[in-house]
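The values are calculated or read from the model by the stated rules, or taken from the named source; none is laboratory data. Since we're looking at a predicted model, the values are computed, not measured. Virtual Cβ from ideal backbone geometry, glycine too; neighbours counted across all protein chains shown.
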Amino acid sequence: MLDIKFIRENIESVKQNCANRVVKINIDRLIETDELRRLKLREIEALRATRKAGSKGRPDPEEIERLRALGDGIKQKETELADIEKEYTELMLQIPNLTHPETPIGGENDYRIISEKPAPEFSFAPKNHEELLTNLDLIDFDRGAKVAAAKFYFAKNDLVRLNQALINYGIDLVARHGYTLMETPDLARNKILEGIGFNPRGSETQVYSVENTDLSLIGTAEITVGGYHADEILDLVDGPKKYAALSHCFRTEAGAYGRESRGLYRVHQFTKLEMFVYCRPEESETLHNELLAIEKEICDGLGLSYRVIDVASGDLGGPAYRKYDIEAWMSMKGDATKQGDFGEITSASNCADYQARRLNIRYRDGSGDPAFVHTLNGTSVVTSRFPIAIVEQYQRADGTISVPEVLQKYLDKKVIG
RNA sequence: GGAGAGUUCGCAUAGUUGGUCUAGUGCGCACGCUUGGAAAGCGUGUAUACCGCAAGGUAUCGAGGGUUCGAAUCCCUCACUCUCCGCCA
């Protein structure tokens, strides 16, 4: 959420920003409802002040009659205000975050490449992970579909070990960087989901909700760690609060199937170790770079071929102010003209104060008034996407898979299969 | 799941026959006095949001509704905490 005062004073740039982000919203109507609600609020407050003064002491019957009428008028106006507020809030929630000046302006498929490592070279025709994993009896999608639904799967044998090894590798690495480890609930209240920027309801929802409750399955631990300090005033004098949270993640991925999402690339459930940072505004850009640096360290450690992109304005989603994605080379990607291509494995976002405003997370800086914190989030390791990159990049001619050196101690073997 | 008790201004508490309660007291914290310095003591101050050019106003006593001229106080719903019982990895 943006500050309404900022929007009022910067109408044109907010409109331009929405256009850059490919978000269609009626800003003029927002300004209109904002003016209406303030006007109405002023009226109501004046009436309430009158009533309060009149109710002091013991009003006589005649006075009570007058106050009763006054009360009816207030109630009437309060109903009107509620209607205006509803429209106003709905519009406010749709306004995307501001955009970093260096973010490339563009649509969903645009980006700026920040760095790129060359694709691995094979002396044979590389297979995709689905084929490799199925041949080695490491995965079972059919039975995942039978037991749960399409795009659920059973991991088996050494894929289970590989997943655990990845998580352990990630845990050890982020802990060295001073991140506080957490396991979080896999469900959260819808209010928290909304604060982070997920929409728990409607046809466009990305999350599963639990019937007869106010809970949804989380799409990422960003939701639960972000909610962790909701409605709190943080003490950040000793530096930012850094967490690394492990959780299952659930995504409906409605209508998202197709060639690009084969196998493990787009599944309904996975496990992720997510970094999340609360900091002072002036620190957020530095910490965004730190998150990216850690993500690169993780990928470098695994010896992956990957590139880093600066995600374009139209692909940022609502909350992000700037976003870096790491895309690893995958043999499953590409088309007729190209064998393999880069596919997203991690993402690091600086959300500035957008989430903090919605979740009411502030900090006190010295003696000054509390101000909103900045929040950032970034993937450290994630099952599904990391295994794709590892399996496809480390595959050998005979269909077995080399284990990246840093994972060998966790997996206790050098070759899978 | 059943029965009961609770949720008040950073912390702890007072306030439940509805009005003078946004709210007392203690602790903590800040500033000042005192002191060679400190402790103690004394004094003063100590929530947030919104509206308003301002003066000032409004809202908030877990959350949301309701009754009332008026609600921290009464009613309803929900959340959470604690105690006991049941169940359980």
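Considered as a group, the residues in the range A:1-59 that are under 25 Å from the mean Cα position of the chain (by Cα) and basic (Lys, Arg) include one that is surrounded by the fewest Cβ atoms within 10 Å (Cβ to Cβ), and that residue is A:Lys24. Of all residues in the range A:117-171 being touching a Lys or Arg at 6+ places or on another chain (Cβ under 9 Å), in a helix (DSSP H, G or I) and surrounded by fewer than 16 Cβ atoms within 10 Å (Cβ to Cβ), which is modelled with the lowest pLDDT? By that ranking, first place goes to A:Ala145.
For the criterion of being within 16 Å of RNA strand B (Cβ to nearest atom), farther than 30 Å from A:Lys296 by Cβ, among the hydrophobic types (A, V, I, L, M, F, W, C) and in contact with a strand residue (DSSP E or B) (Cβ under 6 Å, 6 or more places away or on another chain), A:Leu193 fails. Quick one: which residue in A:Ser380, A:Ser384 is closer than 30 Å to A:Asp158 by Cα, surrounded by fewer than 24 Cβ atoms within 10 Å (Cβ to Cβ) and touching a residue at least 60 places away in the same chain (Cβ under 8 Å)? Sole residue among the options that is closer than 30 Å to A:Asp158 by Cα, surrounded by fewer than 24 Cβ atoms within 10 Å (Cβ to Cβ) and touching a residue at least 60 places away in the same chain (Cβ under 8 Å): A:Ser384. Considering only residues of the range A:71-81 that are more than 7 Å from RNA strand B (Cβ to nearest atom) and not charged (D, E, K, R), which is farthest from the chain's Cα centre (by Cα)? Per the stated criteria, the residue is A:Gly73. Yes or no: the range A:104-125 includes at least one residue that is closer than 28 Å to A:Val403 by Cα and of a type in the set (S, T, N, Q). Checked the range A:104-125: at least one residue is closer than 28 Å to A:Val403 by Cα and of a type in the set (S, T, N, Q). Here are some residues: A:Arg42, A:Arg58, A:Arg66, A:Arg37. Which one is within 10 Å of RNA strand B (Cβ to nearest atom) and not in a helix (DSSP H, G or I)? Just a single option satisfies the conditions, and that option is A:Arg58.
Regarding the range A:236-246, can at least one residue be identified that is on the phi > 0 side of the Ramachandran plot and within 16 Å of RNA strand B (Cβ to nearest atom)?
no
Whenever a residue of the range A:178-203 is free of Cβ contacts under 8 Å to residues at least 60 places away in the same chain, its partners that are part of a helix (DSSP H, G or I), lying with C-beta atoms within less than 7 angstrom and at least six residues away or across chains, give the pairs A:Ala188/A:Ile223; A:Ala188/A:Thr224; A:Ala188/A:Gly227; A:Leu193/A:Ile223; A:Phe198/A:Ile223; A:Pro200/A:Asn190; A:Pro200/A:Leu193; A:Pro200/A:Glu194.
Of A:Gly317, A:Gly334, A:Gly340, which residue is on the phi > 0 side of the Ramachandran plot, touching a strand residue (DSSP E or B) at 6+ places or on another chain (Cβ under 9 Å) and not in a strand (DSSP E or B)? None of the others qualify; the one that does is A:Gly317.
I'm checking my understanding of the structure. Among residues of the range A:85-116 that are among the β-branched types (Val, Ile, Thr) and either in a loop (DSSP other than H, G, I, E, B) or touching a helix residue (DSSP H, G or I) at 6+ places or on another chain (Cβ under 8 Å) (or both), which one is nearest to A:Ile4 (Cα to Cα)? Among those that are among the β-branched types (Val, Ile, Thr) and either in a loop (DSSP other than H, G, I, E, B) or touching a helix residue (DSSP H, G or I) at 6+ places or on another chain (Cβ under 8 Å) (or both), it is A:Ile95.
A Cβ distance below 6 Å, combined with a sequence gap of six or more or placement on separate chains, defines the contacts here; from the range A:228-249, residues that are touching a residue at least 60 places away in the same chain (Cβ under 8 Å) reach residues that are in a helix (DSSP H, G or I) in the pairs A:Ala230/A:Leu359; A:Tyr243/A:Val225; A:Ala244/A:Val174; A:Ala245/A:Ala221; A:Ala245/A:Val225; A:Ser247/A:Ala221. Does the range A:204-220 include one or more residues that are buried (at least 22 other Cβ atoms within 10 Å of the Cβ), closer than 27 Å to A:Ile294 by Cα, in contact with a Phe, Trp or Tyr (Cβ under 8 Å, 6 or more places away or on another chain) and not acidic (Asp, Glu)? Yes.
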